[in-house]
């Protein structure tokens, strides 16, 4: 456990949030010789960065994300060697089987929109899906396949970046939350933490679903919310496919030990809090359009959120911290239903049991794409947040991109769609998906 006296007085950059974006950025920045301080109110990869499905895909991405993800896959291919770590990287492709004409049409529409990027994605006939999945018993009308996509283990990736960043001199402080980002003469000047102040001219904010809390005092609008997603690990099963698979109602990937990470491909849960209510105008159409895939829970979470904001509670005294260690419970029935669908789709797998279950809060934005920006109206601030369930796969390329922005260099990408100011400007498109 790091101690308060480990807090440096000064840094070239302070990174807030030790998920995969923060850890990857810390690594690339420390590798370039920057004096890096990485803070987290909890621990490295304590939240969504260790709870994701693990897909690393360009398939079905928002078109604005495709160039980033293509470069991201190139980085992933060499990442185990670069970090000297087993990340369970598997370039087995992404294979989506469509069980209805409406789902097939939705995926075909994306395929047409992505043609200009010259991807290796293909629309598959029923026979072609069957050739890749000979044991699939579910009725299908076609599929979508990207051979160069892959998957990796979320519990290993961010810690591997953090370990190498430490080796290169980065200071990583767990249990040390950032309370505020301060300015002097209009520029970033220091960060106030639970353990004291750190002077710096650069701050990278990548604190996941709580990033908005540190932007609000700076007068910056970020309508950031979250959706709860549940995942489970099965017992070891006979091989089905090395591809990251999505079918009607199920999604899975094969782990290195032969078990599967499995989730519902169609459903998420919204535990309504006061912040969800505050953001209704931003998310109403998205929630309405996703009504069949999102379940709203009104009751216990809302009451607990209200109680935490009472004046004598820590949540009221330190609003930037929010919930330090949220107890996020998986939707067990939803996971049991996913197992039944998997058994039905692949009967040769035999009886499937669940060895482990967990859930995480996916940070969302109304247009389904993240903020990746160094806003010119607040010199010294960098923001990488709101990844809408895509953050794990994008983590390495975001780390490199934020390093380039920190140095004032060209990133090689058109980041206009990801600018922070789009919400204040009202320039918010309809999402491909909000999680």
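Selection of first residues in segment 55-73 that are at negative phi and part of a helix (DSSP H, G or I) and of second residues that are at pLDDT below 95 and surrounded by 23 or more Cβ atoms within 10 Å (Cβ to Cβ), restricted to Cβ pairs under 7 Å at least 6 apart or on distinct chains, gives the following pairs, ordered by first then second residue: 65/390.
For segment 94-147, the candidate set comprises residues that are touching a residue at least 24 places away in the same chain (Cβ under 8 Å), assigned to a helix (DSSP H, G or I) and over 28 Å from the mean Cα position of the chain (by Cα); within that set, the residue that is nearest to residue 242 (Cα to Cα) is 132. Checked against (1) crowded, with 18+ Cβ neighbours inside 10 Å; (2) out of contact with any strand residue (DSSP E or B) (no Cβ under 6 Å at 6 or more places or on another chain), residue 100 meets all criteria but (1).
Report whether or not residue 369 is under 19 Å from the mean Cα position of the chain (by Cα), touching a residue at least 40 places away in the same chain (Cβ under 8 Å) and part of a helix (DSSP H, G or I). Answer is no for this residue.
Which of the residues spanning segment 240-253 are at pLDDT 95 or above and surrounded by fewer than 22 Cβ atoms within 10 Å (Cβ to Cβ)? Matches in segment 240-253: 240, 241, 242, 251. Could we say that residue 204 is within 30 Å of residue 305 (Cβ to Cβ), touching a strand residue (DSSP E or B) at 6+ places or on another chain (Cβ under 8 Å) and crowded, with 21+ Cβ neighbours inside 10 Å here? Considered against the rule, which asks whether it is within 30 Å of residue 305 (Cβ to Cβ), touching a strand residue (DSSP E or B) at 6+ places or on another chain (Cβ under 8 Å) and crowded, with 21+ Cβ neighbours inside 10 Å, residue 204 comes out as yes.
Inspect all residues belonging to segment 23-40 and state whether any of them is over 26 Å from residue 129 (Cα atoms), in contact with a strand residue (DSSP E or B) (Cβ under 8 Å, 6 or more places away or on another chain), in contact (Cβ under 8 Å) with a residue 24 or more places away in the chain and surrounded by fewer than 23 Cβ atoms within 10 Å (Cβ to Cβ). Talk me through it step by step, then tell me what you get.
Here is the first cut: in segment 23-40, the ones over 26 Å from residue 129 (Cα atoms) are 23-40.
Checking the rest, the ones that are also in contact with a strand residue (DSSP E or B) (Cβ under 8 Å, 6 or more places away or on another chain) come to 23, 25-26, 29-30, 34-40.
After this cut, where a residue has to be in contact (Cβ under 8 Å) with a residue 24 or more places away in the chain as well, the list is 23, 25-26, 29-30, 34-40.
If we keep only those that are surrounded by fewer than 23 Cβ atoms within 10 Å (Cβ to Cβ) too, we end up with 34-35.
Yes: one or more hits.
Select from segment 154-203 the residues that are more than 19 Å from residue 43 (Cα to Cα) and in a helix (DSSP H, G or I) and list them in ascending order. Scanning segment 154-203 gives no hits.
Among residues of segment 278-298 being modelled with pLDDT of 85 or more and over 19 Å from the mean Cα position of the chain (by Cα), the one that is farthest from residue 358 (Cα to Cα) is 281. Taking the conditions (1) buried (at least 22 other Cβ atoms within 10 Å of the Cβ); (2) more than 30 Å from residue 200 (Cα to Cα); (3) within 23 Å of the chain's Cα centre (by Cα) in turn, residue 49 satisfies each one other than (2).
The values are calculated or read from the model by the stated rules, or taken from the named source; none is laboratory data. What you see is a predicted model; the values in this text were computed from it and never measured. We place every Cβ from the backbone using ideal geometry, glycine too, and count neighbours over all the protein chains shown.
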